[in-house]
Amino acid sequence: MPADPQAHEPRDDLLRAFAETGRNHPYLASTLNSLCNLDCTFCKPRCMPDYGHKDRPLQADDYAAIAGEAGRWNIHKAHCSGGEPTLRGDILDVVAAFADGLGAGAAIGMTTHGNLRRGLSVEKLYGAGLTYLNVSLHSLDPTRSRQIMGGGDPRVALATIDAALALGMQVKVNCVLQRSYLQDAFAVAELAKQRPIAVRLIELQRIGPAEALFPREFIPEAEVRDHLADWFDAAGEIPRTELGVRSPGRYLQPPGWAGSIGFISNSSCATCSDANRIKITPTGVARPCILHNRDIELKPHITEGTLADAFAHLFRSMLARDRNEAWNGYHYVDYDLRWDRMDRPKGVPVLPLLPVASGTGGGCALRAARGEGQ
């Protein structure tokens, strides 16, 4: 492995430099697998050429080592996603590895479709150290939900949500906005009337299988806010820190509601400067940025006991984001983060940036850049 001339830059100096930017401290966002037993129209994981992964994925011991080093860098949050992470037979061990490595008070979360496999329960995940749950739910109608998700049952997902709330866990619901299913999304949002949850209405992104859907199904945040004006006119704002979320935008609580509604609008107002995820692919590639290849393979550092050098590289890479004018501050933040599918050349920009002119709305500039050939 080539020596990094800055590998031994003192940890305290890098932590201080990052804090001085005023940005949110980084957290671990680990994609545990690409496998899923559903088939959402905008995701369709089984169409990916490396579905299932040809290389050996990280194991629970690997995550324990990564989390242990992350804790020394004052990282106190880890999020698990997929695919469907609960399909891993060792999911309880993985959750426990993050919880033990990051230490007491850490936030350990997971994104799931909520239809847990037999033998797994919210109670078991909570016992392993899970503190919050994000449930993907796009319709409350079983038939229309199957049209969107290719299986599963929204009633089972609701039972998962209620079980998590009963344990005192934070719960967020992720609902992707599609023009054909807009009323379904609004019905999902209304779950926050009676439940203390944050429903996040997510703009469709022009990536992967959603590329074909985008022209007819994309609906921007600003237009959705117009539809929901009656809810939002007298709504109060919930601080993102209170909800444990990073994503840009406002979380609003209509009068009398137990929960809140927010937006994840990566197609219209994503910014580099707010991003703070250290994304880790299933095979152990850490990606601090998606527009410039500063990827680093963690497996060799785990084997050689040099994870401190890897984290120094990751923090320096995130610090450099604000200084690269080529990025323009706008991008699709989730591009190529779920998979190991892209061959990323060393040390060069990955995506060409094409600024897209648009209007404004929802409190953010509706402007984005995207890569060609997706």
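Values computed for the structure shown
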item	result
Charge context of P300, other residues only, Cβ under 12 angstrom, K/R +1, D/E -1	-3
Whole-Hz couplings from phi, Karplus 6.51/-1.76/1.60, listed for region 255-267; x for Gly and Pro	x, x, 7, 7, x, 9, 10, x, 10, 10, 10, 5, 7
Peptides ranked, highest mean first, by Cβ atoms within 10 Å: ranges 72-85, 224-237, 114-127, 182-195	72-85, 182-195, 114-127, 224-237
Overall form of region 52-123 per C-alpha gyration tensor (a/c, 1.5; a/b vs b/c)	oblate
Distant-in-sequence amide H partners of I264 (H built 1.01 Å from N, under 5 Å)	L201, I202, E203
Residue-normalised accessible area of region 172-263, given per residue in Å² at a 1.4 Å probe	40 Å²
Karplus-derived 3J(HN,Hα), 6.51/-1.76/1.60, for each residue of region 220-225, Hz, glycine and proline x	x, 3, 4, 5, 5, 4
Expected-Rg normalisation [2.2 N^0.38 Å, Cα atoms] applied to region 54-211	1.09
P(r) of region 187-244 over all Cα-Cα pairs, binned every 5 Å from zero, in whole percent	4, 14, 19, 23, 18, 12, 9, 1
Accessible area of region 96-153 belonging to carbon and sulfur atoms, whole % at 1.4 Å probe	49 percent
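The values are calculated or read from the model by the stated rules, or taken from the named source; none is laboratory data. None of the values given here were measured: they were computed from a predicted structure. Please note: Cβ atoms are built from the backbone with ideal geometry, for glycine as well, and neighbour counts cover all protein chains shown. Quick note on the areas: whole protein, heavy atoms, side chains included, nothing else; ligands and nucleic acids left out. Shrake-Rupley method; radii C 1.70, N 1.55, O 1.52, S 1.80 Å.
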